[in-house]
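First the structure, in the form of structure tokens, and then the observations on it.
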Amino acid sequence: MNHSPAVRLLCCLLLVLVMAEENQQTELTPSEPTDQTRPVLDAVVQGEPQRFFPRGHGAPRAKGWPEVVGLSVEEAEKKIKADMPMVQLQVVKPDYFVTMDYDLRRVRLYVDATGIVVKTPALG
């Protein structure tokens, strides 16, 4: 069956409207924190996740690792792996491109031509 372009456009618009209506009906609303989750949430918001995730146990770092700026890749890797052993390090050389995806298991080390860290590494 061959429909005119106007009929096809009308069908597409109708489908978009139906999908938008379904999306509004199924939109999730955030739940309120419970007595158990409120202290953890407060600590993370205040930038103090270490109260619940002690160092060396895979705890995420809210502000990254500013102390490794100026170190070699090898030294920076040792310090970061001491905090988060399971993290994947990615060395980014000058003028290299990176993807825009966000990965909580990845830390990028931005280095200069001599292999020295020049930017604070962080998760992502």
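The values are calculated or read from the model by the stated rules, or taken from the named source; none is laboratory data. All values derive from a computational prediction rather than experimental measurement. All Cβ positions, even for glycine, are placed from backbone atoms using ideal geometry, and neighbour counts span all protein chains on display. In case anyone asks, the SASA skips ligands and DNA or RNA and just uses the protein heavy atoms, side chains included. Shrake-Rupley method; radii C 1.70, N 1.55, O 1.52, S 1.80 Å.
Among the chymotrypsin sites (Phe, Trp or Tyr not before Pro) in segment 88-119, those placed in a DSSP loop whose Cβ has at most 11 other Cβ atoms within 10 Å are Tyr96, Phe97, Tyr102.
For Asp95, the solvent-accessible surface computed with a 1.4 Å probe is close to 150 Å², ligands and nucleic acids excluded. Here the label points at Asp103 and His3, each 7 Å from Cα along the C-beta direction, are separated by 4.3 nm in the simple model.
What shape does segment 59-102 have by the C-alpha gyration tensor, where a ≥ b ≥ c are the square roots of the eigenvalues, rounded means a/c under 1.5, and otherwise prolate means a/b greater than b/c and oblate the rest? In terms of gyration-tensor shape, oblate.
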